[in-house]
Each structure stands twice: as C-alpha cells, then as structure tokens.
Amino acid sequence: VSAFDLEAYLQERRGLVDAALDGFLPSEDTRPPSVHRAMRYSVLAGGKRLRPILVIAGAEVVGASPSAVMPTACAMELIHTYSLIHDDLPAMDDDDYRRGRLTNHKVFGDAIAILAGDALLTYAFQLVAQNAAVPGVDAKVVCDVVAEIAEAAGTVGMVGGQVVDIESEGKTITAEELKYIHVHKTAALLRASLSVGARLGGADAAALAAVADAGQSLGLAFQIVDDILDVEGSLETLGKTAGSDERKQKVTYPALHGIEASRREARRLIERTKSRLSVFGARSAPLCALADFVVERKS
Ligand code: IPE
Ligand code: IPE
Ligand code: MG
Ligand code: MG
Ligand code: MG
C-alpha cells in the first residue's frame, strides 16, 4: 500500500493538460469553423488524459518538469483522440457515444469526423516540433521523439493493431494474434508516451529501456481492462456504450480467456510494470500508483 496521493497528482496534471490543450487548439471561429468545432468537441470532452500524463510522468521520473514536455504531452492526446474519432466511425466500431457525449460523426457527419481526425494527427506533429523551442530541450532529441511517435502511431504500431482488429471481427484467432492486436492498437501509444517523456526529460539509454518496457506492460494491461469493462461496465460509468465488442464480434481477452484469467493477466502485467520501474527509487511512486489505477479503474 502506498501513501502516494494519486487523486491529487492526476487532478493537478489533468488541469495543466486541459488548459494547454484548450490553448493549443484553434478557436471554433477559425476558418473553416466546422472542422475546428469538431476537433474541440472531442478533445475537450474530457477523458482520463492518461497518455499526456504518462508523457509528464516519464519526464518526472528522470527529474524533469511538466513544462518541458507539455506540447508533446498534448500531441499524444491529439493522436489518441483522432484514433477514437476514427475508431467510432460506422465503417469501424460504429459507436454512438464517447466521453459521455454523442460520437463525433453523429454530431458533425462522417466527412468532417474523418477530416477532424486527420487534422488532429497532423497538428500533433506540429506541436512536437514546437517542443524544440522549450528552453533546455535539444532539437536532436525532438527529432528522435518525432520518429518514435510516428512509428508507434503507424502501421507497425497503432494503425497496424487497428487493421488486424477490424480484419479479425467474427473470426477465430489465436492468443498470440490477440496479443499482437492489443500490443499494437493500444500499448504502442502508451509505451511511446512514457518513453518520449523520459527522452525529452534527458533519460539515458538504461532509463529509456526501463520505461519503454514498463510502458509496454502497462499498455497491454490497459487494453485487457478495457475489454473487461466493455463486458462489465455501463454507458453511465464508461461514457461509451458497453457491449460494443460482443456486438461487433471482436476477439477480446475475456472472450478468449474468460474474465478471471484476463484480470489475473492484467494484474501480472502491472506487477511487471512496477518491478521495471523500481530502478527509479522514490521517483517511481507516481507511476507505480498510476499502474495500480489502470487495473482498478471503473472507467
Ligand atoms: C480508450 O482509451 C481507447 C483504448 C485505447 C482502450 P481511454 O480509456 O484512455 O479513453 P479516454 O481518453 O479516457 O476517453
Ligand atoms: C481502440 O480499442 C483502440 C484505439 C486505437 C482507438 P477499442 O475499440 O476497444 O476502444 P474503445 O473501447 O472503443 O474505446
Ligand atoms: Mg476498436
Ligand atoms: Mg471501439
Ligand atoms: Mg474497447
């Protein structure tokens, strides 16, 4: 049991991230207004802000401050939000609710939802480039960060996982293929968030290897819990429709392994996450508390 006050830690960082996102996103009356309204609608709907908080925590675990990484933290949230807007489209998971509101395409139509997603992904890389202007941040490190994020979001990362997820609907797949889907569609972005935060914070190679490995286990556990919540949660607690996976005949951890074995696997991965972080000593307290939160969360 840790005495670390995770609730206060998260609340403070969410406040910083929300204010920065609001400031970075073009205003609703910027021409053409429809796409800017659609972008702001989904990003500023809330959400746990886990990816930007992992960027910040990655910087903090190596002794840097949130302000050193804020543009990149926001960039990861923009990429994540683009992935949610597209994931909800009729051609993909066809969902009506997200973050407690109607999905982007339900409000703005498919075309603007697709374009708002494209715009968020593009703007994300503009923000990462802006991180080079933060005093003390080396432009070479920013180049490495661009490459790492692009790889994590692309076909050997998130997009690749989404492709196999869609292509596996209604099929029988192996445990190994299911793990591929989850590692790519979800863990890649979570792992990259922690890793680029540490990179910008000045981590050495050993520290980077530790956070990347921790982020990977955390990310896989996160998606296993997402699958469990799709079975056990509700629209009220999740802010998105429960039962979506069964309706779309997705292969999920609970469907393939059962709820109890899935929960055990998530817990095992979280213990692994925390043991990889132990090299950081007392500085690992926020991340270890965050890791426990990932398996215990109800939304
Ligand atoms: C949902 O992510 C999509 C997955 C990758 C499982 P989150 O559960 O982090 O969604 P928000 O950002 O809190 O809305
Ligand atoms: C989505 O996985 C992962 C993404 C890259 C968006 P899900 O399809 O399970 O996410 P939810 O449950 O709709 O949030
Ligand atoms: Mg999906
Ligand atoms: Mg979905
Ligand atoms: Mg899900």
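Entry remark, segment 242-273: residues being in contact (Cβ under 8 Å) with a residue 60 or more places away in the chain and more than 13 Å from ligand 5 (Cβ to nearest atom) number 3 in total. Put simply, of Leu194, Leu220, Leu208 the only residue that is touching a Gly at 6+ places or on another chain (Cβ under 6 Å) and either in a helix (DSSP H, G or I) or not aromatic (Phe, Trp, Tyr) (or both) is Leu194.
Going by the conditions given, is Gly160 in a helix (DSSP H, G or I), more than 12 Å from ligand 1 (Cβ to nearest atom), over 25 Å from Phe24 (Cα atoms) and in contact (Cβ under 8 Å) with a residue 24 or more places away in the chain? Yes: the conditions hold for Gly160.
For segment 176-235, name all the residues that are acidic (Asp, Glu) and within 14 Å of ligand 1 (Cβ to nearest atom).
Across segment 176-235, the qualifying residues are Asp226, Asp227, Asp230.
Residues that are within 12 Å of ligand 5 (Cβ to nearest atom) and free of Cβ contacts under 8 Å to residues at least 40 places away in the same chain are absent from segment 210-221. Among the residues of segment 278-285, is any within 29 Å of Ser168 (Cα to Cα) and either within 16 Å of ligand 2 (Cβ to nearest atom) or not polar (S, T, N, Q) (or both)? Within segment 278-285, none of the residues are within 29 Å of Ser168 (Cα to Cα) and either within 16 Å of ligand 2 (Cβ to nearest atom) or not polar (S, T, N, Q) (or both).
Being over 20 Å from the mean Cα position of the chain (by Cα), surrounded by 17 or more Cβ atoms within 10 Å (Cβ to Cβ) and more than 24 Å from Lys179 (Cβ to Cβ) narrows it down to one of Ala198, Ala282, Ala203, so name that one.
When all the criteria are applied, what remains is Ala203.
Answer yes or no: is there a residue in segment 50-63 that is buried (at least 21 other Cβ atoms within 10 Å of the Cβ), under 20 Å from Ala116 (Cα atoms), β-branched (Val, Ile, Thr) and in contact with a helix residue (DSSP H, G or I) (Cβ under 6 Å, 6 or more places away or on another chain). Within segment 50-63, none of the residues are buried (at least 21 other Cβ atoms within 10 Å of the Cβ), under 20 Å from Ala116 (Cα atoms), β-branched (Val, Ile, Thr) and in contact with a helix residue (DSSP H, G or I) (Cβ under 6 Å, 6 or more places away or on another chain). Candidates Asp165, Asp144, Asp94: the one that is assigned to a helix (DSSP H, G or I), surrounded by fewer than 17 Cβ atoms within 10 Å (Cβ to Cβ) and of a type outside the set (Val, Ile, Thr) is Asp144.
Screening Thr155 against (1) buried (at least 16 other Cβ atoms within 10 Å of the Cβ); (2) polar (S, T, N, Q); (3) farther than 15 Å from Thr72 by Cβ leaves a single unmet condition, (1). Can you find even one residue in segment 246-254 that is touching a Lys or Arg at 6+ places or on another chain (Cβ under 9 Å), surrounded by fewer than 19 Cβ atoms within 10 Å (Cβ to Cβ), within 17 Å of Leu10 (Cβ to Cβ) and at pLDDT 95 or above? Looking through segment 246-254, none of the residues is touching a Lys or Arg at 6+ places or on another chain (Cβ under 9 Å), surrounded by fewer than 19 Cβ atoms within 10 Å (Cβ to Cβ), within 17 Å of Leu10 (Cβ to Cβ) and at pLDDT 95 or above.
Within segment 86-103, the set of residues being more than 15 Å from ligand 5 (Cβ to nearest atom) and within 18 Å of the chain's Cα centre (by Cα) comprises Gly100 only.
The values are calculated or read from the model by the stated rules, or taken from the named source; none is laboratory data. Source: prediction; values computed, not measured. FYI the Cβ positions are ideal-geometry reconstructions off the backbone, even for glycines, and counts take in every protein chain you see.
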